[in-house]
Amino acid sequence: MTKKAQQGSGNAWGDRIRALRNVPPVLHILWESGPAVVTWGIILRVIFAALPWGIARVAAWIVQGVEQVIRHEGLRPHFWWIVGAEVALAVLTAAVGRLIDYCDALLSDRYTHHVSIEVMRQAAQLDLTTYEDPAYYDRLERARVQATDRLAMIQQMGRLFQQALTTLIFTGTLLYYSPWLVLLLCVGVLPSFVGETHFAFLGYAKNFRQTPAKRQMDYLRQVGGSKEAAKELKLFNLSGYLTDRFSALSEQIYLENVDLSKRKLFWGGLLSMLGILGYYGSYAFVIWRAVHGLYSIGTFVFITTAIQQASSNLQQVFSTASGIADQALFLTDLIAFFEMKPMVQSKPDALPAPRPVQRGFEFRNVSFVYPGTERRVLKNFNFTLSPGERIALIGENGQGKTTIVKLITRLYDPTEGQILLDGVDLREYDLDDLHKEIGVIFQDFMRYEMTARENIAVGRIEIPHTEEEIEHAAQKSLAEGVVKKLSQGYDQMLGRRFEGGVDLSGGEWQKMALARAYLRDAQLLVLDEPTAALDAKSELEVFERFAELTAGKMALLISHRFSTVRMADRIVVLEGGRLVEEGSHQQLIALGGRYARMFEMQAASYR
């Protein structure tokens with residue numbers, strides 16, 4: 001065994017014990033998901049735990065009564081009532097068991113529903129930086145899986161409670177007759193418990209280690225069967241390459257799984273034999289005492305039943321407790337995920353966004369470095385955007401244009417400097433309220449696989465919209481023509497994910513996205529390459545309505561098309577994270593600087 005493996009084995013128990021700290025938060029989540037169901041589940045399990053002892057006690061009395069009849073001592077009084085009591089207890093056991101199953105099914109559904117929603121809410125409030133960190137995606141993937149795959153643990157906790165009560169009842173009975181019986185049972189069960197727990201921990205470590213490889217496999221599976229990749233897969237003959245990569249990763253995971261299964265088969269089987277020896281050792285001890293006249297036949301039956309029940313339940317308690325401890329290891333990422341706090345959030349006494357904006361936005365000596373990198377995307381950047389002003393940001397890729405958008409919308413906070421709105425730092429405003437006054441259409445806008453109406457309504461989903469408002473937004477963005485071609489109009493499902501869905505071209509999707517901007521009616525409108533997927537004719541039509549869209553609003557426009565940016569009131573040229581030129585189209589052409597050269601290069605391509 002390597003040094004690293006030895007260290008891993010040495011830390012295994014400590015990891016298990018620390019992982020038990022995950023159980024209380026999960027119990028809290030469980031209680032929140034269904035307090036009434038949890039309460040009834042506990043009551044039913046208390047009843048169910050005591051029933052086996054009652055059946056065993058009644059069965060011993062029946063055997064004792066039959067023995068008396070065989071010895072011609074006569075039938076015991078109320079004998080048949082005792083037989084009826086055992087039947088009643090058996091029926092009650094079956095009924096309570098079914099009620100427990102019913103409660104477990106209800107609780108599983110409630111828990112899955114509740115925790116899935118909480119994962120979605122938590123993911124939505126985290127900083128944008130977390131989505132740019134591969135380690136976060138590993139954690140998010142494990143959290144999503146753990147959120148729903150830990151239903152077994154939820155049921156195990158209920159079983160543990162029930163098994164522990166049953167074990168205590170029968171163990172108390174054995175202690176009453178002889179403490180040695182309990183000792184023999186424990187000596188047999190403990191080694192098996194240690195072995196099962198150890199291999200369960202190794203299973204968790206293996207799954208944790210395999211997460212990146214499984215994510216790669218999911219990606220390769222998706223790419224290998226996606227509509228978007230189909231053309232290149234065929235033309236570039238990539239299918240074999242992707243399949244081979246998937247096969248190599250799958251084979252690696254398979255070999256690791258087989259190796260662990262083999263070790264568990266040998267050592268787990270060996271340790272389980274000790275449990276069998278412990279059970280039969282105590283059983284033989286009771287037989288010896290009964291043969292020597294120390295127990296009656298009824299007592300003998302009762303004790304052997306107690307041994308069988310105590311042994312079985314004791315093993316189940318250790319096994320279930322081990323399972324819970326090891327399942328708790330898998331919950332580490334889920335709990336850590338819920339404990340993550342966004343850095344970009346509202347202060348407790350945050351201000352409402354100004355309505356209307358009086359002075360506009362100001363970038364004051366702003367510098368920004370993306371987390372995990374050292375390059376300053378913006379360097380002492382100064383910039384203003386006044387109410388009613390339309391500004392175009394231009395520059396080569398990587399010069400900070402989209403970063404400015406992320407900062408002005410407070411998806412990020414600046415590394416240095418301040419961003420002010422009406423002279424107040426953006427961090428002083430309530431984040432949700434601020435976002436209500438900002439409309440953004442990104443170049444990589446979302447294509448929601450929902451109805452056409454919903455695709456537009458998400459522009460301001462928090463308030464209901466009339467049919468006229470939806471249609472007006474579609475008319476302004478030219479999406480109206482797209483909708484008219486759909487067989488079900490605004491009720492048409494878009495995209496191919498769901499049955500009956502219709503896919504759109506890139507330009508048609510972009511018109512739907514632009515309709516959201518019209519519907520939002522925000523004070524700041526940000527358009528990041530808003531016409532990139534449109535043909536020249538559609539682009540012209542869109543920007544003929546650009547003035548109407550931005551009337552009375554602050555507008556920030558990013559585009560590589562100079563036919564678009566020349567319509568702005570002011571053009572800001574970025575280079576190396578700094579503002580190097582600004583002015584109107586005519587002013588910058590007359591200046592003969594960087595903008596003029598870029599404009600001439602683009603114009604020359606059309607000659």
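The values are calculated or read from the model by the stated rules, or taken from the named source; none is laboratory data. On a predicted model such as this, the values are computed, not experimentally measured, just so you know. A quick note on method: Cβ atoms are made from the backbone with ideal geometry, for glycine too, and the neighbour counts reach across all protein chains shown.
When we screen Ser505, Ser477, Ser487 for residues that are small (Gly, Ala, Ser), out of contact with any Asp or Glu (no Cβ under 8 Å at 6 or more places or on another chain) and touching a residue at least 40 places away in the same chain (Cβ under 8 Å), the only hit is Ser477. Applying the set (1) modelled with pLDDT under 85; (2) surrounded by fewer than 17 Cβ atoms within 10 Å (Cβ to Cβ) to Ser108 leaves exactly one unmet item: (2). Of the residues making up the range 254-288, just one is among the basic types (Lys, Arg) and buried (at least 16 other Cβ atoms within 10 Å of the Cβ), namely Lys264. With respect to the conditions (1) crowded, with 18+ Cβ neighbours inside 10 Å; (2) modelled with pLDDT of 85 or more, Ala19 falls short on a single one, namely (2).
Could you tell me whether the range 541-559 includes any residue that is modelled with pLDDT under 85, among the polar types (S, T, N, Q), closer than 28 Å to Val482 by Cβ and outside the structural domain of Lys476 (by TED's automatic domain parsing)? Yes.
Consider the range 439-486 and keep the residues that are under 22 Å from Gly552 (Cβ atoms) and among the small types (Gly, Ala, Ser). The one that is surrounded by the fewest Cβ atoms within 10 Å (Cβ to Cβ) is Gly459.
Within the range 457-469, is there a residue that is among the hydroxyl-bearing types (Ser, Thr, Tyr) and not assigned by TED's automatic domain parsing to the domain that holds Gly577?
Going residue by residue through the range 457-469, those that are among the hydroxyl-bearing types (Ser, Thr, Tyr) are 466.
Those left that are additionally not assigned by TED's automatic domain parsing to the domain that holds Gly577: 466.
Yes, the conditions are met somewhere in the range 457-469.
Evaluate the following for Asn257: is it outside any helix (DSSP H, G or I) and either over 30 Å from Val115 (Cβ atoms) or modelled with pLDDT of 75 or more (or both)?
Numbers: outside any helix (DSSP H, G or I): no; either over 30 Å from Val115 (Cβ atoms) or modelled with pLDDT of 75 or more (or both): yes.
Against the criterion (outside any helix (DSSP H, G or I) and either over 30 Å from Val115 (Cβ atoms) or modelled with pLDDT of 75 or more (or both)), Asn257 does not qualify.
Residues that are touching a Ser or Thr at 6+ places or on another chain (Cβ under 9 Å) and in a loop (DSSP other than H, G, I, E, B) were ranked within the range 487-508; the one that is surrounded by the most Cβ atoms within 10 Å (Cβ to Cβ) is Gln492. Of the residues contained in the range 60-76, none is found to be out of contact with any helix residue (DSSP H, G or I) (no Cβ under 6 Å at 6 or more places or on another chain), of a type in the set (Asp, Glu) and at pLDDT 80 or above.
Confirm whether Arg390 is under 24 Å from Pro354 (Cα atoms) and either surrounded by fewer than 16 Cβ atoms within 10 Å (Cβ to Cβ) or in the same structural domain as Pro354 (by TED's automatic domain parsing) (or both).
yes
If I go through the range 426-446 residue by residue, how many of them are in a helix (DSSP H, G or I) and touching a residue at least 24 places away in the same chain (Cβ under 8 Å)? Steps first, answer last, please.
Of the residues in the range 426-446, the ones in a helix (DSSP H, G or I) are 426-428, 431-436.
Okay, now just the ones that are also touching a residue at least 24 places away in the same chain (Cβ under 8 Å), so 427-428, 431-436.
The qualifying residues number 8.
A quick yes/no check of all residues on (1) under 32 Å from the mean Cα position of the chain (by Cα); (2) polar (S, T, N, Q); (3) modelled with pLDDT under 85:
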{"site": "Leu494", "(1), (2), (3)": "yes, no, no"}
{"site": "Arg520", "(1), (2), (3)": "yes, no, yes"}
{"site": "Leu527", "(1), (2), (3)": "yes, no, yes"}
{"site": "Leu534", "(1), (2), (3)": "no, no, yes"}
{"site": "Lys537", "(1), (2), (3)": "no, no, yes"}
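Report yes if Phe318 is touching a residue at least 60 places away in the same chain (Cβ under 8 Å) and either in a helix (DSSP H, G or I) or surrounded by 15 or more Cβ atoms within 10 Å (Cβ to Cβ) (or both), otherwise no. Outline the logic, then answer.
Details: touching a residue at least 60 places away in the same chain (Cβ under 8 Å): yes; either in a helix (DSSP H, G or I) or surrounded by 15 or more Cβ atoms within 10 Å (Cβ to Cβ) (or both): yes.
It is true that Phe318 is touching a residue at least 60 places away in the same chain (Cβ under 8 Å) and either in a helix (DSSP H, G or I) or surrounded by 15 or more Cβ atoms within 10 Å (Cβ to Cβ) (or both).
When you look at Leu478, is it outside the structural domain of Gly507 (by TED's automatic domain parsing) and either hydrophobic (A, V, I, L, M, F, W, C) or in contact with a His (Cβ under 9 Å, 6 or more places away or on another chain) (or both), yes or no? It is false that Leu478 is outside the structural domain of Gly507 (by TED's automatic domain parsing) and either hydrophobic (A, V, I, L, M, F, W, C) or in contact with a His (Cβ under 9 Å, 6 or more places away or on another chain) (or both). Per the conditions (1) of a type outside the set (Val, Ile, Thr); (2) touching a helix residue (DSSP H, G or I) at 6+ places or on another chain (Cβ under 7 Å); (3) in a helix (DSSP H, G or I), the sole criterion not satisfied by Trp288 is (2).
Mind listing whichever residues of the range 435-446 are touching a strand residue (DSSP E or B) at 6+ places or on another chain (Cβ under 8 Å) and either at pLDDT 85 or above or under 19 Å from Arg410 (Cβ atoms) (or both)?
Across the range 435-446, the qualifying residues are Glu437, Ile438, Gly439, Val440, Ile441, Phe442.
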